[in-house]
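Shown next, in structure tokens, is the structure this report addresses.
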Amino acid sequence: MSKFNPEELSNFARHYGFHYDSINPQALIKEVLNEMEKGLSADKDEASPSSLPMIPSYITPVTHIPPGKTVLALDAGGTNLRASLVYFNENSEAISHGTSKTPMPGTNGNVTAEQFFNAIADAALPLLKEAKIEGIGFTFSYPMDITSDADGILIGFSKEVDAPDVIGKAIGKGLRDALAAKGFKYSGPIVMLNDTVATLLSGIVTISPDGEATRTRNDFKAEAGPVIGFILGTGFNTAYPETNIPKIKFNSSSSPQIIVCETGNFDVKYLGQLDKEYDITTKNPGGYHLEKATAGAYLGPLTHYILKQAIKDKVIQFKKSDELMSMPHLETRFLNEFTHAPLSAQGPLGSLFAPNESDALAAVQYITSIITERGALFSASVLAAIIQRINHSYEPYSPVRIAVEGTTYMIYKGMRRALESHFHQMLYKDKPRPYIISPVEQASLFGAAVAALSQK
């Protein structure tokens with residue numbers, strides 16, 4: 001059995017091109033900014049599109065929510081449909097009321113388009129009859145083409161939902177028509193949005209303008225800083241307010257529009273041989289390069305692939321290494337459990353090591369930490385690029401607010417700490433740039449509620 005040798009393991013990582021010390025953060029930030037600019041200008045049908053689609057949401061985030069407003073918030077997730085009345089109190093805080101949860105139509109068998117929209121209308125109707133609302137916001141976690149009136153044309157469902165007749169239809173219009181068919185004529189706005197936009201908008205009502213997690217008074221009536229939406233969970237995505245979108249001829253410094261970057265698709269250059277080999281094994285080879293190096297859907301399988309190479313190269317050796325080699329899959333949650341409690345010798349990874357194989361145990365955790373650190377550095381660089389793009393004036397009392405959601409950020413061993421450390425160094429390199437990174441709760445519902453008031 002080989003002794004734990006950090007230098008040898010680091011050289012292994014450098015040889016195969018996945019060590020974080022090969023990354024130039026400032027160069028990476030410039031590459032992200034360049035792709036953002038191309039994505040804002042170039043139509044997707046052009047010969048050399050950007051790896052960042054930069055999708056317009058047609059939503060201008062409100063900067064202040066008058067107290068006393070009530071809206072209907074809908075959230076269509078993977079398995080459930082939620083409906084809630086959301087009231088904004090005197091401090092512009094969102095308070096949900098009458099929340100219901102029903103199975104997402106199409107998850108218990110095939111449904112027609114009419115049945116699909118009727119089910120959503122049935123969830124909304126009791127709340128619409130209960131209170132006078134200012135609008136409907138609808139977080140719809142499936143691919144949509146957003147239209148200029150903030151409706152969404154469904155591109156497709158995930159495998160959990162069996163409703164093929166709905167594909168190609170406008171979701172907001174379908175709901176409005178279904179309500180009318182039930183005798184309830186609703187003429188107000190229905191605003192469709194995805195989960196990244198919802199995360200951004202929820203930050204407006206959950207993160208105080210001065211950056212505190214609980215809202216504080218604003219006696220100076222100071223303008224709040226911009227909010228960025230950041231998801232680092234199963235996938236990776238960001239959204240931010242943009243003032244200039246040439247491809248749709250949008251230019252407004254006073255009323256920016258939220259852009260969804262689809263950051264997971266960024267064609268990051270700092271990837272090595274094993275990353276490229278692993279990419280071929282995924283369901284979507286050739287795409288989502290950044291997501292495959294950072295997000296929960298991939299960190300476990302990618303690390304597994306790299307560990308198998310380390311065993312082949314004999315930089316990691318232990319008696320049951322053949323079992324790791326033959327393991328068909330290593331889920332990220334099991335890798336995370338291992339890194340949080342490596343000495344417990346439990347789980348599909350930890351149980352492979354005998355008590356006298358602590359050197360191999362350390363080597364596996366060491367390699368894993370290098371991969372995590374790289375993912376954190378990638379993520380921090382993307383956020384830093386977005387803040388540079390926004391070019392906020394950086395008043396110390398109005399920080400940029402980064403609303404974040406996702407289990408990879410929250411619970412994956414080492415990710416949050418490393419990400420925030422890299423990010424802080426990037427932002428404070430030349431001058432202090434005030435910011436706050438804050439997890440948000442009920443992002444889908446509260447974001448939908450804010451969206452309902454954002455449509456002009």
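The values are calculated or read from the model by the stated rules, or taken from the named source; none is laboratory data. Owing to the predicted nature of the structure, the values given are computational and were not obtained by experimental measurement. With ideal geometry, Cβ positions are generated from the backbone for all residues, glycine too; neighbour counts draw on all protein chains shown. SASA here: full protein model, heavy atoms, side chains in, ligands and nucleic acids out. Shrake-Rupley method; radii C 1.70, N 1.55, O 1.52, S 1.80 Å.
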| request: Filter the stretch 279-291 down to the residues that are out of contact with any Gly (no Cβ under 8 Å at 6 or more places or on another chain) and open to solvent by less than 30 Å² (accessible area, probe 1.4 Å), then identify the one that is farthest from residue 327 (Cα to Cα). | output: 287
| note | Given the conditions (1) in contact (Cβ under 8 Å) with a residue 60 or more places away in the chain; (2) of a type in the set (D, E, K, R); (3) touching a strand residue (DSSP E or B) at 6+ places or on another chain (Cβ under 6 Å), every one holds for residue 132 apart from (3)
| task | Could you please give the count of residues in the stretch 296-324 that are assigned to a helix (DSSP H, G or I), of a type in the set (A, V, I, L, M) and closer than 20 Å to residue 4 by Cβ? | result | 5
| message | Here is a check on your reading of the model: is residue 71 touching a residue at least 40 places away in the same chain (Cβ under 8 Å), assigned to a loop (DSSP other than H, G, I, E, B) and under 25 Å from residue 129 (Cβ atoms)? | response | no
| Quick check: anything in the stretch 167-174 surrounded by fewer than 19 Cβ atoms within 10 Å (Cβ to Cβ), of a type in the set (Gly, Ala, Ser) and closer than 30 Å to residue 112 by Cβ? | yes
| Out of 59, 65, sole residue that is modelled with pLDDT of 95 or more, assigned to a loop (DSSP other than H, G, I, E, B) and under 24 Å from residue 227 (Cβ atoms) | 59
| remark: Across (1) open to solvent by less than 20 Å² (accessible area, probe 1.4 Å); (2) at pLDDT below 95; (3) within 24 Å of the chain's Cα centre (by Cα); (4) over 29 Å from residue 163 (Cα atoms), residue 89 clears everything bar (3)
| field | Given (1) under 21 Å from residue 13 (Cβ atoms); (2) touching a residue at least 24 places away in the same chain (Cβ under 8 Å); (3) in contact with a Lys or Arg (Cβ under 8 Å, 6 or more places away or on another chain), index of the condition residue 340 fails | value | (1)
| said: For a quick check of your reading: which helices (runs of 4 or more DSSP H) sit entirely within the stretch 407-456 and have at least 3 residues that are touching a Gly at 6+ places or on another chain (Cβ under 9 Å) and within 25 Å of residue 76 (Cβ to Cβ)? | reply: 407-411, 443-454
| field | Filter result for residue 401 (in a helix (DSSP H, G or I) and either basic (Lys, Arg) or surrounded by fewer than 19 Cβ atoms within 10 Å (Cβ to Cβ) (or both)) | value | no
| query | Hey, among the residues in the stretch 227-278 that are basic (Lys, Arg) and assigned to a loop (DSSP other than H, G, I, E, B), which one's surrounded by the most Cβ atoms within 10 Å (Cβ to Cβ)? | reply | 269
| Looking only at the stretch 93-135, which residues are touching a Phe, Trp or Tyr at 6+ places or on another chain (Cβ under 7 Å) and either small (Gly, Ala, Ser) or farther than 11 Å from residue 72 by Cβ (or both)? | 94, 95, 105, 106
| Would you call residue 40 open to solvent by less than 20 Å² (accessible area, probe 1.4 Å), in a loop (DSSP other than H, G, I, E, B), within 20 Å of residue 146 (Cβ to Cβ) and in contact with a helix residue (DSSP H, G or I) (Cβ under 9 Å, 6 or more places away or on another chain)? | no
| query | Any residue in the stretch 281-289 that is among the charged types (D, E, K, R), free of Cβ contacts under 8 Å to residues at least 24 places away in the same chain and under 24 Å from residue 9 (Cβ atoms)? | reply | no
| Among the listed residues 84, 96, which satisfies the condition of being within 24 Å of the chain's Cα centre (by Cα), in contact (Cβ under 8 Å) with a residue 60 or more places away in the chain, assigned to a strand (DSSP E or B) and farther than 27 Å from residue 165 by Cα? | 96
| Subset of the stretch 192-226 that is open to solvent by less than 10 Å² (accessible area, probe 1.4 Å) and of a type in the set (A, V, I, L, M) - its residue that is farthest from residue 71 (Cα to Cα) | 207
